[in-house]
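As structure tokens, the structure follows; a few thoughts come after it.
The values are calculated or read from the model by the stated rules, or taken from the named source; none is laboratory data. All values reported here derive from a predicted model rather than from experimental measurement. So basically every Cβ, Gly included, is an ideal-geometry build from the backbone, and we count neighbours across all protein chains shown.
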């Protein structure tokens, strides 16, 4: 008599659940650097929580695509459009005021983060932050909340509760501040003119105004101040 052995198939007690499509956060990347976009896209799509539904590398492309783009949040690299990221942010908020924008920047938190928030950003993250912090920022901003790091939040609380005089550079215009930071980073007037799509005479005018407002006379003083205030 033939004996028949029963074949057992092992199945997991709890099958992994797939991410619900309506809970996936749709991200639009606005960044001038192809490698940064590709790297960020790879990091985001390596999880089940995010999907990149659109990309753009300059201001015209951003504004054009975002008129109809299907996304829950925009990650805006602040150096886009030759350093005109904040101006682009303001234009974007006019077109789609309900769309959350998370600013990604190489600049340290502090004055730069405060200026971005005032320009309409819903959050600010520096590139030195961890992947976990980036994910947290995206989830928080896409849900309608604001995001700044805990360290920056503490600093804001301290500044609001103290009677310390505000930093002098807060009286500068956006362009004057950009010129100051560029000088502190070692860039020449010619290089700034190329990056900002302006002529050297205009850059020199901004430099002169900045020096006058700051009560300075040369680039060495600018560099010392910018480093002291962590502007670069």
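Out of curiosity, is residue 78 modelled with pLDDT of 90 or more and touching a strand residue (DSSP E or B) at 6+ places or on another chain (Cβ under 9 Å)?
For residue 78, the condition - modelled with pLDDT of 90 or more and touching a strand residue (DSSP E or B) at 6+ places or on another chain (Cβ under 9 Å) - is not met.
Which one of these is surrounded by fewer than 18 Cβ atoms within 10 Å (Cβ to Cβ) and not assigned by TED's automatic domain parsing to the domain that holds residue 193: 104, 99, 134?
Result: 99 is the single residue among 104, 99, 134 that is surrounded by fewer than 18 Cβ atoms within 10 Å (Cβ to Cβ) and not assigned by TED's automatic domain parsing to the domain that holds residue 193.
Exactly one condition in (1) surrounded by fewer than 19 Cβ atoms within 10 Å (Cβ to Cβ); (2) not in a helix (DSSP H, G or I) is false for residue 90; which is it?
(2)
What helices (runs of 4 or more DSSP H) lie completely within the stretch 145-232 and have 2 or more residues being at pLDDT below 85 and in the same structural domain as residue 128 (by TED's automatic domain parsing)?
Because the criterion is at least 2 residues that are at pLDDT below 85 and in the same structural domain as residue 128 (by TED's automatic domain parsing), the helices (runs of 4 or more DSSP H) in the stretch 145-232 that meet it are 150-161.
Give the residues of the stretch 45-61 that are crowded, with 17+ Cβ neighbours inside 10 Å and not in a strand (DSSP E or B), sorted by residue number.
Hits for the stretch 45-61 are 57, 59.
Go through the stretch 109-132 residue by residue and tally those that are assigned to a helix (DSSP H, G or I) and out of contact with any strand residue (DSSP E or B) (no Cβ under 7 Å at 6 or more places or on another chain).
Number of matching residues: 6.
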